[in-house]
1. Using the 10 angstrom Cβ neighbour count as an exposure proxy, how do Asp31, Asp36 rank, fewest first?
2. Which residues' amide hydrogens lie under 5 Å from the amide hydrogen of Ala117, considering only partners 5 or more residues apart or on another chain, with H built in the peptide plane?
3. Given the peptides 52-58, 131-137, 41-47, 109-115, arrange them by the average over their residues of other C-beta atoms within 10 Å, most packed first.
4. Going by amide H atoms built from the backbone, whose H comes under 5 Å of the H on Ile60, apart from near neighbours?
5. So, in Å, what gap is there between the alpha-carbon centers of region 130-181 and region 198-277?
6. Evaluate the charge dipole of region 252-365 about its Cα centre and quote only its size in Debye, nearest 20, assuming +1 on the Cβ of each Lys and Arg and -1 on the Cβ of each Asp and Glu.
7. With the contact rule set at Cα under 8 Å and sequence spacing of 6 or more, what percent relative contact order holds for the chain?
8. Using packing as a proxy for protection, rank 5-12, 354-361 so that the peptide with the highest average count of other Cβ atoms within 10 Å comes first.
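Quick note: the coordinates plus some simple rules give every number you see, no bench work behind them. The model shown is predicted, which means the values in this text are computed figures rather than measured ones. Cβ placement follows ideal geometry from the backbone for every residue including glycine, while neighbour counts extend to all protein chains displayed.
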Amino acid sequence: MKKQVKVLQIFASLNMGGAESRMMDVYRKIDKEKIDFDFLTMQEDKQYFEDEILTLGGKIIKIKPPRERGSFGNFSDIKRVLKEGNYDAVHAHTSFHCGLVCLAAFFARIKIRIAHARTTGSKNPSFKNKIALILGRSLIALFSTKRLAISKMSGEYLFGKSEFEVMPNAIDLDKYENVTVEETEHIKTEFNLHNTTIIGMVGRFDSMKNHTFALDFFAEYLKSHPNTKLVFVGDGQLREEIVAKINALKLTDNVILTGIRKDVNIWMHVFDILIVPSLFEGLGGIILEAQAAGTPVVKSNTFTNEADMNIGLVNAVPLEIEKFIDAVNSGLKLNSPDFSVIETAFNNRHYSLAYEINRLEDIYS
């Protein structure tokens, strides 16, 4: 019998984000007799996925973030954890900080050192972020043994001219196929969403997600479509700012904030359409989730279209209010494709969870 492979997954936090959610999908289904995950997080308070990880038999290691320990202190903490844990592989999901992880893993004599690109950056980064990216990219090139990216654009952003492999974010399609009418009706009753058009947006309250544009768009859309609700699923550091803007635009009766939810797969069936006005994304995993549910999507054209499964549900438009209004109206007229069409599209593009798990097992081993 082959030896169990021990892997340390490294995240900035274990809260409800795209990278964290996708790796949790993997962790739930991966053969734990073959592959054993521990999770390192650079956030010391209680985090969203903690309880589930512990229930599944995982171990969580918490260290202070770089802003408190400094780069050298953070490097030392990670190296110590790696040496004490006797890991076979380390898998970092921390953007340009992956370089520091790979350096620490090299000194800890970890044979498999994976840097995973999961986002792109702002078109106008600060000087500090430019320097951090250059240093991180150099360390990744020197000390990683495998470079993965969720899209071509995210890989080019983080790795520059270094070779990398695109491994798309996989979706557990079963979660979207098997949603019942009773489940969607329960949510509609809970949030008073019957007999209204429902525009959804899912993501943490962060400037890159561009909730302010979503509200400006919706304020204009509501003038000609008063029987419409905008639902924000998620939470984050900009919550107070977003609530203030909702109040300023007098949208309190038509905008719903649900907070962080475990049932996003059900919400995708509740929404009539999803909007994704992000300024930048590595891929836009939420676009995959919407398509898995057969829900149309209007996205900004400021980031990659690689999440479009080409089943007629995604429309990429400029970040202009009138363009979004026209695209939403067009999207609401679309019919959902049969699930067999959705499943075939995902499998043909290797966006299935089974494919990703098999590929990761090969890489870790």
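1. Asp31, Asp36
2. Leu148, Ala149, Ile150
3. Working: 52-58: 13.7, 131-137: 17.1, 41-47: 15.6, 109-115: 20.6.
So the peptides 52-58, 131-137, 41-47, 109-115, ranked by packing, come out 109-115, 131-137, 41-47, 52-58.
4. Correct list: Phe39.
5. Their Cα centres are 27 Å away from one another.
6. Numbers: 7 positive and 15 negative charges, 11 e Å.
So the dipole magnitude of region 252-365 works out to roughly 60 debye.
7. Values: 641 pairs, mean separation 52.4, N = 365.
So the answer I get is 14 percent.
8. Details: 5-12: 21.2, 354-361: 16.6.
Sorting 5-12, 354-361 by mean packing, highest first, produces 5-12, 354-361.
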